[in-house]
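Worksheet: the structure to be examined is printed underneath.
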Amino acid sequence: MNIALILAAGTGSRMGNADKPKQFLNVYNKPLLVHTVEIFEVNDDIEQIVIVTNKEYIDQVKVWCKQYDLTKVKNVVAGGDSRQISVYNGLKGIEVSKVKDDDIIVIHDAARPLVSQAIIKNNIEACKLYGAVDTVMPASDTIIRSIDKRVIKEIQNRSELFQGQTPQTFKFGIIKKAHEEAKKNNDTNTTDDCKLVIKSGVSVYLVQGSRLNFKITTFDDLMILKALLKIGKSEVL
Amino acid sequence: MFVVTYKVTAPGVLEEFVENLDAENKVLVSVDRMAICKADIRYFLGTRDKYILDHKYPLTPIHEAVGTVVKDPTHTFKVGDKVILIPNSIDESLCPTCPNRRCFESELGNNYCPYATFRSSNADGFLKNFYACDPTLLVKYDSKVSPDIAVYSELLSVAQAACRRINFAKAKNIALFGDGIMAYVVYLVLTYIYHVEITVFGISQDKLAMFKNATTTTYTAYNGPLFDTLIECVGGQFSENAINQMIDISQVGADLILMGVSESGANINTRKILEKGLSLKGVTRSTREDFEKISKALENESLQKAIQPMVLSVTKIKSINDIYHCYEEDINNKTIIGKNIMSF
């Protein structure tokens, strides 16, 4: 079984003065979260969806699932104070579906509404082979490392650098073990699941992402998304 | 839901776009297979009048496609149903006040409606991974039929529309002019649906060899009887020559059915048309009924086998380069009857 775990528990603190977290902002009269979930809803390979969201939005998300006929959504669970806790809660939410260790969990940010069907498919296929995969893009800009934010400490070889996206996809047994070990070690604020999985001794393989699969983090990102959609709408006269 | 679509923005230029797919109260279909038509190639190469092109671009191409139903709030289809996408839509609310009354005649059909929209011509086409439409713009086909075969439905439906113009009670001697893909699908419809014998006039012996159940010949070699029904599938710069040859070997009162598209006018022998009392009928596009007839006919395994050689390749679209590749292959293919099919 392939299950999508959609993370929609962010606070949107980098969205300026928006009155709600970015994943709930409307684009074409529909919350961004719904646009993202719809992509997984229509994916043949995905059998179930679990949404992790802010506690106060759980009822609202359930209403949207009904309103937009998101029939694959089987559970909506509350997130935590960090991404890591939110994913852990999501995994607990998946467990009620009698999930097996070999089942595949596709973890995706609700704020990446332009993830393609091909990326999801490639994640699942690679995960079947390797057990743990991350969606990445080769770094196109030079990455500068600075400790004091004033002086360059280091410039690494760009050909070895990649920018992480989502989905991050794991066999359930692997991701669950990684989270439980982290919890046992009081490690509760790791921002990336791959980091936890690597710490647990499992290699994480790379899957090619897409420039379009960008995360709506700031107001500028939202503007770029809307601009892309506006250009796409241009039809014949 | 946001979907990726591709548009021709200028001659020879395809670009990737993102659009919001409005699927509310519509059937949502994942597009399985697409085929490039000659009209798509003309828009892609920009071989139409500049004024027309300026009004068309940017345009999502492709009007030959099949898909799978993903959601249907109208409850017309089941999830997983295989469907043919109909590219032409008619606004029937305009019919009561429209002066074109002959659309209601079944022989002609409403595919000639001047207010119709046609995908990849005056409306965006099917080159996108998901498509949403009214259920009347979809026709279910047997899931046992390969989508590589079913994607030829639109082309076959146009051939079927041409056959609607034939008076089979009177047609005893049918000639088909052309050895390209349109001629081949007309041959398929006449042979496997109407079960009539035809004579095919072409130039390329290799291509004519594909018309296995027909008599094939070249115009210069032919010295048989005259024909009462002649179908032109040549188009382009050679259509003028073909139409004049058809006029020459027509019986008195024969029907000439024209299907080939020519951007420049054809200088044809009107004296002989008058002398013989010939009727010229133009055929383009098809109606929903034509699609339904083709969908049923596709269940015939012999027809499926006869379509199979036209599937030259199936390319999975991973990037825009794959679409360019398919266009180039189809543009450069002058020798083999068939298309390079695209899939998502």
* Does segment B:8-28 contain any residue that is among the basic types (Lys, Arg) and more than 12 Å from residue B:130 (Cβ to Cβ)? -> no
* To do: For segment B:65-94, enumerate the residues that are of a type in the set (Gly, Ala, Ser) and at pLDDT 95 or above.
  => B:65, B:67, B:80
* Structure fact -> Checking B:287, B:216 in turn, the sole residue that is modelled with pLDDT under 95, on the phi < 0 side of the Ramachandran plot and in contact with a helix residue (DSSP H, G or I) (Cβ under 7 Å, 6 or more places away or on another chain) turns out to be B:287
* To do: Sort out which residues of segment B:324-344 are farther than 19 Å from residue B:206 by Cα and among the basic types (Lys, Arg), and write them in order of number.
  => none
* at pLDDT below 95 and in contact with a helix residue (DSSP H, G or I) (Cβ under 8 Å, 6 or more places away or on another chain): does that describe residue B:264? -> yes
* Asked: Which of the following residues is within 30 Å of residue A:59 (Cβ to Cβ) and surrounded by fewer than 18 Cβ atoms within 10 Å (Cβ to Cβ): A:92, A:121?
  -> A:92
* Residue within segment A:177-189 that is closer than 26 Å to residue A:118 by Cα and either surrounded by 14 or more Cβ atoms within 10 Å (Cβ to Cβ) or away from chain B (no Cβ under 14 Å) (or both) present -> no
* What do you reckon, is residue A:203 of a type in the set (Ser, Thr, Tyr) and farther than 26 Å from residue A:33 by Cα? -> yes
* **Number of positions in segment A:27-62 that are out of contact with any helix residue (DSSP H, G or I) (no Cβ under 9 Å at 6 or more places or on another chain) and within 12 Å of chain B (Cβ to nearest Cβ)** => 4
* Asked: Within the group B:66, B:79, B:70, which residue is more than 14 Å from chain A (Cβ to nearest Cβ) and among the aliphatic types (A, V, I, L, M)?
  -> B:66
* To do: Please work out which one of (1) surrounded by fewer than 18 Cβ atoms within 10 Å (Cβ to Cβ); (2) away from every other protein chain (no Cβ under 14 Å) is the condition residue B:86 fails and give its number.
  => (1)
* Counting only residues that are in contact (Cβ under 8 Å) with a residue 40 or more places away in the chain and among the hydroxyl-bearing types (Ser, Thr, Tyr), which one in segment A:189-226 is farthest from residue A:130 (Cα to Cα)? -> A:218
* **Residue in segment A:172-185 that is under 22 Å from residue A:96 (Cβ atoms), free of Cβ contacts under 8 Å to residues at least 12 places away in the same chain and acidic (Asp, Glu) present** => yes
* To do: State whether one or more residues within segment A:102-115 are more than 15 Å from the chain's Cα centre (by Cα) and either within 14 Å of another protein chain (Cβ to nearest Cβ) or β-branched (Val, Ile, Thr) (or both).
  => no
* All positions within segment A:38-77 that are within 12 Å of residue A:9 (Cα to Cα) and in contact with an Asp or Glu (Cβ under 9 Å, 6 or more places away or on another chain) -> A:76
* In segment B:326-344, what count of residues is obtained for those that are at negative phi, in a loop (DSSP other than H, G, I, E, B) and surrounded by 18 or more Cβ atoms within 10 Å (Cβ to Cβ)? -> 2
* To do: Among residues belonging to segment A:212-237 that are part of a loop (DSSP other than H, G, I, E, B) and over 15 Å from the mean Cα position of the chain (by Cα), point out the one that is nearest to residue B:118 (Cα to Cα).
  => A:236
* Asked: Do we find a residue being basic (Lys, Arg), within 14 Å of chain B (Cβ to nearest Cβ), over 25 Å from residue A:220 (Cβ atoms) and surrounded by 14 or more Cβ atoms within 10 Å (Cβ to Cβ) anywhere in segment A:73-80?
  -> no
* Asked: Which members of segment A:205-237 meet the condition of being more than 26 Å from residue A:24 (Cα to Cα), more than 10 Å from every other protein chain (Cβ to nearest Cβ) and not aromatic (Phe, Trp, Tyr)?
  -> A:206, A:207
* Asked: Within segment A:37-45, can one find any residue that is within 17 Å of residue A:168 (Cβ to Cβ) and either small (Gly, Ala, Ser) or surrounded by fewer than 24 Cβ atoms within 10 Å (Cβ to Cβ) (or both)?
  -> yes
* Asked: Which residue, of A:202, A:197, is part of a helix (DSSP H, G or I) and more than 14 Å from every other protein chain (Cβ to nearest Cβ)?
  -> A:197
* Just give me the residues in segment B:298-325 being part of a loop (DSSP other than H, G, I, E, B) and of a type outside the set (A, V, I, L, M, F, W, C), in sequence order. => B:299, B:300, B:318, B:319
* To do: Please tell me if residue B:60 is within 21 Å of the chain's Cα centre (by Cα), facing chain A (nearest Cβ under 9 Å) and within 15 Å of residue B:130 (Cβ to Cβ).
  => yes
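The values are calculated or read from the model by the stated rules, or taken from the named source; none is laboratory data. Bear in mind the structure is a predicted one, so any value in this text is a computation, not a measurement. In this analysis, Cβ positions are derived from the backbone assuming ideal geometry, glycine residues included, and neighbour counts consider all displayed protein chains.
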